[in-house]
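Inspection log for the structure reproduced underneath, given as structure tokens.
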Ligand code: CTP
């Protein structure tokens, strides 16, 4: 299937470089042709000979090598692959990409390419958490560069934390899936809006009402829809997540702001309301910090707009498909069906949120409910939920 697919693998100088050999082997096992660029510091960890033997292709190391330029100029090298994978990606190469530096072959190719770039970061936890590195990561993400990893774990230097390169199997799978997805764009002619994360309703300048929604489910759905070709707008309440690879991300705080941005994003074909919108807001927000005075404090709350309900019941610009979630602690199926009816959406994904399940976690167990069918999806990672839902959407819109 992947016979003609090509990856340009850039190996930079990190202790994880030895794992690149396994990545080459794994990609080739998936019938992907691998050509490598080895940076000067990368060559301190692995030899060009071992890479060449495994990849069965010439290894490129030098920007000013006349033979290489004659055989394949750096521009051609940057274009001949379907994607570029940087593994391991050091803090240095990420900084170079962020700033558009071109002082060696690897960085020049990364600037010259018109192909998608995936990076698999590998560095010490302090380097990963460093403010400059984090700024660069954000720049890269905003520029549409995909990330696989890093993971939390034991480091070669003996420290523990985030920054460890993902396992080769993970990188191989991500790259393989990504390459396959390049050709699969069934939602190319569609647009989507996804709400995600919690909302934050201020009481006074320092206090607020919110919840522990991580935003993860909505982010993964938005990313999946976008990867299937839909022009996707993510409208997100405050989360700790980096921007996903979608067409547009709008950050909001309160439910009112989220509602406003949803209206602005219309018309769309698909609306997914995954946000854990605070049901209530404070009627009279205090402009100054509320002081305690030894007696009871009464705060009057009023209902927030129900975004899902409003999108579903619009007379004009109603999305073709409106999907909501139902967070329930009891009678999951029954309550989800009532919500579907009451809110007027087309599908509802019920999830059991009792005992701290789901909210802020990596997995979800879904009861899929539409007007005509009910399905129980076994417990799965939120990425898999996004995948399953997206494929259902494709089937629905195409039928
Ligand atoms: N929702 C919304 N706007 C709100 C409240 C909820 O868009 N103001 C959406 C959520 O994004 C979700 C669905 O409605 O898709 C159901 O949310 P949930 O919290 O389960 O239900 P509520 O409507 O808040 O009802 P209740 O808290 O009474 O169960």
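Each value in this text was obtained by applying a stated rule to the coordinates, not by laboratory testing. This is a predicted model, so every value here is computed, not measured. In this analysis, Cβ positions are derived from the backbone assuming ideal geometry, glycine residues included, and neighbour counts consider all displayed protein chains.
Relative to the longest principal Cα axis of the chain, at what angle does helix 255-265 sit, 0 to 90 degrees, rounded to 10?
60
Using only the Cα atoms of segment 6-182, what are the Rg and Dmax in Å?
When restricted to the Cα atoms of segment 6-182, Rg and Dmax are 14.9, 46 Å.
Tell me the volume per residue, in Å³, of the convex hull enclosing the alpha carbons of the chain.
Numbers: hull volume 69.5 nm³, N = 399.
Considering the Cα atoms of the chain, their hull volume per residue is 174 Å³.
Mind checking the angle between helix 382-398 and the chain's longest principal axis? C-alpha axes, 0 to 90 degrees, to the nearest 10.
Relative to the chain, helix 382-398 is tipped by roughly 80 degrees.
How large is the Rg to Rh ratio of segment 169-236 when both quantities use alpha carbon positions and Rh follows Kirkwood?
1.18
Go through 300-310, 234-244 and give me the packing order, highest mean Cβ count within 10 Å leading.
With the highest mean Cβ count within 10 Å placed first, the list reads 234-244, 300-310.
Students often check this: by mean Cβ neighbours within 10 Å, which of 21-34, 184-197 ranks highest, and how do the rest follow?
By packing density, highest mean first, the sequence is 184-197, 21-34.
Would you please give the FRET efficiency between residue 285 and residue 56, computed as 1/(1 + (r/R0)^6) with r the Cβ-Cβ distance and R0 = 56 Å, to the nearest 0.05? Please report the intermediate quantities before stating the final value.
Numbers: r = 66 Å, r/R0 = 1.17.
That gives a FRET efficiency of 0.30.
Highest GNM mean-square fluctuation, the chain, Cα pairs closer than 10 Å: which of 232, 12, 374?
Maximum among the listed residues: 374.
Mind checking the angle between helix 332-343 and the chain's longest principal axis? C-alpha axes, 0 to 90 degrees, to the nearest 10.
Orientation of helix 332-343: about 80 degrees from the principal axis.
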